Amino acid sequence: MLLKNSRRGGITLATVYGDVVRYPRPSIYDKSAHFGLKVDGIDMYTVSYARYDYVQLSMDEGSPTEFRIRTLDKKLITSYTIAPQKLPMNARVEGDELMFSIKKAHYIIVKINDKKHSFWAVTPIQAEEATFTNLKILNRFDMTQDDGVDVVESTKDVFFDDCLAWTDCYGYKVGQDVWEDQDTVTFQNSVVYSAAGGMGIDHKFGTATASHITFRNMDIEGLHERVSKDRALGGSRAMTRLRWSSYYVQFKSACGGPPLKAAGSLMTPKPESTGLERDQIALNKARSTKQAKAASKLSVFLRRRRDYSVAKPVPT
């Protein structure tokens, strides 16, 4: 075994153990707080950088070299992915360790116990006088809350034209939440190929105003069911309701939700035709007023007479 770990003239030499070469951790970085790695039984220097953990090493090729990744908090490894997936390796898990062997050096990416988060494809934020045309959204379906377009946070004069959305949750939506005024947002001549919710406004939290929101000449070609965990059902799995359009306003005192104007119509639909394929919906201002502070909760849903809603539990 040849061991070299010294500094000469500002040059850091690698540490060599048999057929594996490990490279020291730069002094400006910390070691990983989450994972440890052994290669052929030798501990490697882990580096924590920009919310990632990595290891640099060299190895001889031709014969199997064993990698053992362990969780430092001793949590069991319940899921993992190794990319590129085409590499010839037979990975296995034993408790808090992931083990695999490779014969050739590669740049590999390993994800362990990776949580799936929501994925909003297009999110105009604090935008003004923006135009989106010929936008095609082919979104992922392996996560929850996968929306095509979410217009959020102080947006004004934003225009969507000739777009297509194929996604798991909403196709086109203003919100979630309205913490700052959103004014003059237009969707037109666009298609929802398939989604759980075609289009709508989600003013669940916030006290600001969403005004002059227009959906014009929109095609809803298909709606599909999606499985989600319903907090109202104690976290049990349930089928999400299907709606071609949904407009939601809710008072949430704990989150500073909007006091709502009870008198009059908050939202006035003006359908261009009676068919589902062509609809124009012009929304009046949903304005918060002090006079309606007593209102604790208000939900507004606009739907066709034909009910596309599906709500049924899924066996766990």
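Of all residues in region 195-245, how many are under 20 Å from Asp146 (Cα atoms), modelled with pLDDT of 75 or more and small (Gly, Ala, Ser)?
Here the count works out to 7.
Just to check your reading of the model, which residue among Ile108, Ile69, Ile77, Ile82 is in contact (Cβ under 8 Å) with a residue 40 or more places away in the chain and not assigned by TED's automatic domain parsing to the domain that holds Leu164?
None of the other options fit; the residue is Ile69.
For the subset of region 85-109 comprising residues that are charged (D, E, K, R) and not in a loop (DSSP other than H, G, I, E, B), which member is surrounded by the most Cβ atoms within 10 Å (Cβ to Cβ)?
Within region 85-109, the match that is surrounded by the most Cβ atoms within 10 Å (Cβ to Cβ) is Glu97.
What number of residues within region 45-71 are of a type in the set (A, V, I, L, M, F, W, C) and farther than 19 Å from Ala91 by Cα?
The total comes to 3.
Considering (1) surrounded by 12 or more Cβ atoms within 10 Å (Cβ to Cβ); (2) more than 14 Å from the chain's Cα centre (by Cα); (3) under 30 Å from Thr78 (Cβ atoms), say which one Gln176 fails and leave the rest.
(2)
Select, from Ile112, Ile69, Ile82, the only residue that is surrounded by 12 or more Cβ atoms within 10 Å (Cβ to Cβ) and in contact with a Ser or Thr (Cβ under 9 Å, 6 or more places away or on another chain).
Going through Ile112, Ile69, Ile82 in turn, just one is surrounded by 12 or more Cβ atoms within 10 Å (Cβ to Cβ) and in contact with a Ser or Thr (Cβ under 9 Å, 6 or more places away or on another chain): Ile112.
Can you pull out the residues in region 176-194 that are in contact with a strand residue (DSSP E or B) (Cβ under 6 Å, 6 or more places away or on another chain) and at positive phi?
Result: Thr184, Asn189.
When only residues in region 130-173 that are more than 14 Å from the chain's Cα centre (by Cα) and among the basic types (Lys, Arg) count, which is farthest from His224 (Cα to Cα)?
Of everything passing the filter in region 130-173, Lys156 is farthest from His224 (Cα to Cα).
Given (1) under 28 Å from the mean Cα position of the chain (by Cα); (2) more than 25 Å from Asn113 (Cα to Cα), where does Val93 come up short, assuming only one miss?
If we test Val93 against (1) under 28 Å from the mean Cα position of the chain (by Cα); (2) more than 25 Å from Asn113 (Cα to Cα), just (2) comes out false.
Residues being modelled with pLDDT under 85, hydrophobic (A, V, I, L, M, F, W, C) and in a loop (DSSP other than H, G, I, E, B): count how many of those fall in region 142-168.
Of the residues in region 142-168, 1 are modelled with pLDDT under 85, hydrophobic (A, V, I, L, M, F, W, C) and in a loop (DSSP other than H, G, I, E, B).
The values are calculated or read from the model by the stated rules, or taken from the named source; none is laboratory data. None of the values given here were measured: they were computed from a predicted structure. Neighbour counts run over all protein chains shown; Cβ positions are idealised from the backbone, glycine included.
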